[in-house]
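Report on the structure given below.
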Amino acid sequence: MAPDAAAEDEDKWLAEGVAGIQHNAFYMHRSLDSNNLKEALKFSAQMLSELRTSRLSPHKYYELYMRAFDELRKLELFFREETSRGNCSVVDLYELVQHAGNVLPRLYLLCTVGSVYIKSKEAPAKDLLKDLVEMCRGVQHPLRGLFLRSYLSQISRDKLPDIGSEYEGDADTVNDAVEFVLQNFIEMNKLWVRMQHQGPFREKEKREKERNELRDLVGKNLHVLSQIEGVDLDMYKESVLPRVLEQVVNCKDELAQFYLMDCIIQVFPDEYHLQTLETLLSACPQLQLHHQKSSCSDEGLLSQPQHPGEAVAVAVSCSNTVEGEGAQHLCRREKRRQGSRGEQEEERRRRGRQQLLCSRGILEKQLRPTVDIKTVLSQLMDRLSNYAASSTEVLPEFLQVEAFAKLNSAIGKVIEAQVDMPSVGAITLFVSLLTFALRVHPDRLDYVDQVLGACVKKLSGKAKLEDSKATKQIVALLSAPLEKYNSVVTALELPNYAQVMDHLDSGTNKVMAMVIIQSIMKNTTCISTADKVEALFELIKGLIRDIDGAQDDELDEEDFKEEQNSVARLIHILHNDDPDEMLKIICAVQKHILLGGPKRLPFTVPPLVFSALKLVRRLQGQDGDVGGEEVPATPKKIFQILHQTIEALSSVPSPELALRLYLQCAEAANDCDVEPVAYEFFTQAFVLYEEEVTDSKAQVTAIHLIIGTLQRMNIFGVENRDTLTHKTTGYSAKLLKKPDQCRAVYACSHLFWIDDQDGTKDGERVLLCLKRALRIANAAQQMANATKGSSGSVALFIEILNKYLYFFEKGNPQITSSVIQGLIELITTEMQSENATSEPSADAFFARTLRYIEFQQQKGGSVAEKYEAIKVS
Amino acid sequence: MNYLIGAFKPPCNIAITFSDGKTRKQASIKKDNGKTAMVPVFQSLENIVGEVAIEPIQGKKVEHTGVKIELLGQIELYFDRGNFYDFTSLVRELDVPGEIYEKKTYPFEFSSVEMPYESYNGTNVRLRYILKVTISRNYVSNIVEYRDFCVRNYSPQPTINNSIKMEVGIEDCLHIEFEYNKSKYHLKDVIIGKIYFLLVRIKIKNMELEIRRRESTGSGPNTYVETETLAKFELMDGAPVRGESIPIRLFLSPYELTPTYRNINNKFSVKYYLNLVLVDEEDRRYFKQQEITIYRLQETS
């Protein structure tokens, strides 16, 4: 209710004010129309008196001000006509308006006439402006003063004695213009800052909000300054910036400092910043501390002792009454300085006072430093970075002024000064600095490292960062070089990079590691030395192993898979053309991934294995050239490594995977002609099969894999081969389900018939296998009959028939047409038997098989002859 | 009939004219009846030259025992109404006793009249200069005619005109230093100055500069003092902080001031003061009054 009521009241007051303005404006216009200057001035002063209100908030006051502003424009027009017609000299007018009794209307009118006066060029613009800006001191009320001075700034904008302007004065003309704007700025800022310290403490926030609404009034001055043509770099450097900064630093107000620094950075051109970097930066550590409220209010200033000479007892009369006649009499102080102290002396004294404040500010720097300086500095650096990025031509300038060194030391000082600045602030600064360094000095990797080093220093001695914002910033910090250089290799060369990463919590660390990997993937960066690999894995160790026993039970399974897949992809991408180096890489990777623990190994081992196998193949390709003892990269050695690795996997346990990998290795070993190795791998595979593979389905898959691999092996001697094939057939027959048995057994038949030049061609054992398969199929059929009451599928028979046909075609002498004929008939009978269940797929399969036979018969030639004997009824 | 009318009406018209009346500067003065009238302005040691025209009403004659013109400088104190103190009195006999039948003009001249005091019309006192023509008659009352004129004396620029500068304050509460550029101002002058705040611990609402006129009349126990605020000129709006200096620029021309008069003929004094007033948020007024001297500067034009 209360705020509503307050707002209502305010609306009412505003309405009253507006009405007052309109009322008086009406009479003012009437007087203007009848050329009655005196009356017009009277009404205009009355109109402006509405602006004397203290009851409106800045927002509403602005509305009121705008009304008055419009009227003043018209009045100014009238003044201009009046003076140009010669009815009244502008000098007289300038005096006339100063007769107004109230200071606020008087000054508004004075500014208005002043504008006309300057335009008339009857007096130099600089004198008038100086007079106006001085006279405006009469309004010390912050809100009213701000608007008044804003009005002054508004009307004077196009009348500054700038170079090239029609109001240009003598040689020092720009100085005058600048001086005027600066002074107005300083006064406005003082008023603006003062606002904060007036009124009750509980309304502090409200005031802050209101002040924020007013800030552009103050900032506009800086904009005007930047628009002055005559302000060249030298001038900016010598007078403008130091003066502005002095004001910013001395005002000791957080809001103002932050906003004004921002303004400075935004309104002036980049090259100015670049050339004045030192000055600008040196101001930074002197700014107010962020969280600490600037207690150095007027109150604080007031309690300062006076100049020693002035501290003289004062006679006091204190009849402190409110009644009219009991007013207090100001007592005269003993007048000590003889004669009339000149203006200059006065000025000097005041300056001394200001210097006193200055030095105090520096002293206090240690105790209570800065604002939210990081944002300011970041913005500065961002701007400079953009500037650097905008054109390569400006880069030499950056080098010339040693921008990086300056920024770096400034940031160092700021951080040093602000002991309790949260880490996030410092890191934000580092991010900006890093961005800057990357943009401006892409060739200076050491700069990047310096920044990271500074960051490490800042973070050192602290536990892992908990603050999510800070970690986010670190991620940004670490990502920046990756983006810039498109290559992790660069990052790997930065000794501090990993150290910074160490300060991340494990979750973020992983995220960062992912970023790194993704960067590698995206750019297909080739990490080609073992050292780099070592460094890289050190970086992404968060993904490679559990750090510090961090328990991440509630880890998201999918995320984990995603991460590990990334690692796997990373392993694939590691490559070096030199086998020796590649071997080293592999060793390095192995070393790291073996630490990964049971959950990670299934993801990371396979890529390593295949990567190693790739190397083996490559070595094998150049087998002839390489040789000799000293060459470390021999297939043998690699196989040893592989063995170890897979062993680790098998103990995880992940037997199926290990088994597959063993088989892969065996095959590679086969290609390398190292029989014992291949045999060993098979042995391992078999051991796994026997001891670890317990699931029947897994067994089926495994046995088929074994059969397939074994079939392709060609280096084994007869004995070894017999052992292995025998074992395999044995396993096949011991599978749990009959159809599985059957299928495995007929698959085994291939082990005895290698269809190439010098392959084993043992027709008898093939037939044996097939017959055994038939037997098993038969048994399966019977089992089905017994349990379900209907015969089982004939599919098995048809499959066996196909095998028969295969070997028949391949010329196995044991397989004759009559055997096939018999099988066909058997199948036909089976299918037509009473309790056969109709199986469309089996029927189709059989039909197709028969059709194949017919097709072969019709083909003619030797094949047809062979098939002649088979009758397909 | 004519006789009857003649008993109540003066038997003649008297007109006093100044020889340079057309060209002479004029000033407005307030007359007894509250109306303002334009009168010529003279200054001390000027010759006051003119003529008196006496025109009897038609068909009448004026019998007299002599015609004279007096130049009187009078001070009139209102609390002592009716009593005029003539500080200057000059007489010129215009005619010997006789009769006037028709319009007759008498030139007169007062040369280098010393008129040390200026005409003044204050709250409790009036100083005025008049020309008084008296036609003395036997048995019947004299015929008298007055003509006001105004005297303004110009002062040269003072050779010594120090600024007024002072530090004042209330201990631990408010310390200010103010400065007015001069201590003596002419009537169209501008007061330039500044107020410098050395210490501010009270919440000041505004500050104004007043011009006050203090007119004291009489002497001894019968002194009457009347103070009048002629101007209230706001210098500052809002509360300054330590270190602020506020400019003063006050044009005196819009205000109806007179020069400072000190002990005019032991009858009265008129003094002017600048009163600097600071008002705090509880409407308490803190002030410091300083006398300034106001003089009339010979206008160069």
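Filtering region A:105-133 to residues that are over 54 Å from the mean Cα position of the chain (by Cα), away from every other protein chain (no Cβ under 13 Å) and of a type in the set (A, V, I, L, M) leaves A:L109, A:V113, A:V116, A:A123. Does at least one position in region A:103-116 carry a residue that is open to solvent by 10 Å² or more (accessible area, probe 1.4 Å) and more than 19 Å from A:A15 (Cα to Cα)? Yes, that holds for at least one residue.
May I ask you to verify whether B:E256 is loosely packed, with under 15 Cβ neighbours inside 10 Å and farther than 20 Å from A:L96 by Cα? Working first, answer last.
Numbers: loosely packed, with under 15 Cβ neighbours inside 10 Å: yes; farther than 20 Å from A:L96 by Cα: no.
Judged against the criteria, B:E256 is not a match.
Looking only at region B:185-211, count how many residues are over 20 Å from B:L297 (Cα atoms) and surrounded by fewer than 17 Cβ atoms within 10 Å (Cβ to Cβ). Qualifying residue count for the region: 3.
Within region A:822-851, the set of residues being in contact (Cβ under 8 Å) with a residue 12 or more places away in the chain, loosely packed, with under 15 Cβ neighbours inside 10 Å and either of a type in the set (F, W, Y) or in a helix (DSSP H, G or I) (or both) comprises A:S841, A:D843.
Okay, residues lined up against (1) modelled with pLDDT of 50 or more; (2) more than 14 Å from chain B (Cβ to nearest Cβ):
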site: A:E254; (1), (2): yes, yes
site: A:Q266; (1), (2): yes, yes
site: A:P269; (1), (2): yes, yes
site: A:H273; (1), (2): yes, yes
site: A:T276; (1), (2): yes, yes
site: A:L287; (1), (2): yes, yes
site: A:S295; (1), (2): no, yes
site: A:D298; (1), (2): no, no
site: A:G326; (1), (2): no, no
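Scanning region B:152-182 for residues that are within 11 Å of chain A (Cβ to nearest Cβ) and among the charged types (D, E, K, R) turns up B:K165, B:E167, B:E171, B:D172, B:E177, B:E179, B:K182.
Go through region B:195-301 and tell me which strands (runs of 3 or more DSSP E), entirely inside it, have 3 or more residues that are farther than 27 Å from B:C173 by Cα and away from chain A (no Cβ under 14 Å).
Values: elements: B:204-217, B:224-237, B:245-251, B:261-264, B:268-280, B:285-295.
Fully inside region B:195-301 and qualifying: B:204-217, B:224-237, B:261-264, B:268-280, B:285-295.
Could you go through region A:798-812 and let me know if any residue there is assigned to a helix (DSSP H, G or I), under 30 Å from A:V687 (Cβ atoms) and not small (G, A, S). Checked against the condition, which is being assigned to a helix (DSSP H, G or I), under 30 Å from A:V687 (Cβ atoms) and not small (G, A, S), region A:798-812 yields at least one hit. Going by the structure shown, is A:L77 open to solvent by 10 Å² or more (accessible area, probe 1.4 Å), more than 14 Å from every other protein chain (Cβ to nearest Cβ) and in a helix (DSSP H, G or I)? Yes: the conditions hold for A:L77. In summary, no strands (runs of 3 or more DSSP E) completely within region B:67-143 bear 1 or more residues that are farther than 30 Å from B:R296 by Cβ and assigned by the TED database to the domain that holds B:E228.
Which of the residues spanning region A:776-787 are farther than 13 Å from A:L823 by Cβ and not β-branched (V, I, T)?
A:A779, A:A780, A:Q781, A:Q782, A:M783, A:A784, A:N785, A:A786
Each residue in region B:134-155 was checked for being surrounded by 22 or more Cβ atoms within 10 Å (Cβ to Cβ) and over 27 Å from B:S219 (Cα atoms), and 2 pass.
Out of the residues in region A:120-143 meeting the condition of being touching an Asp or Glu at 6+ places or on another chain (Cβ under 6 Å) and under 23 Å from B:F197 (Cα atoms), tell me which one is surrounded by the fewest Cβ atoms within 10 Å (Cβ to Cβ). For region A:120-143, the residue satisfying everything is A:H141.
The values are calculated or read from the model by the stated rules, or taken from the named source; none is laboratory data. Keep in mind it's a predicted model, so treat the numbers as computed, not measured. Note: ideal-geometry Cβ built from the backbone for every residue, glycine included; neighbour counts use all protein chains shown. In case anyone asks, the SASA skips ligands and DNA or RNA and just uses the protein heavy atoms, side chains included. Shrake-Rupley method; radii C 1.70, N 1.55, O 1.52, S 1.80 Å.
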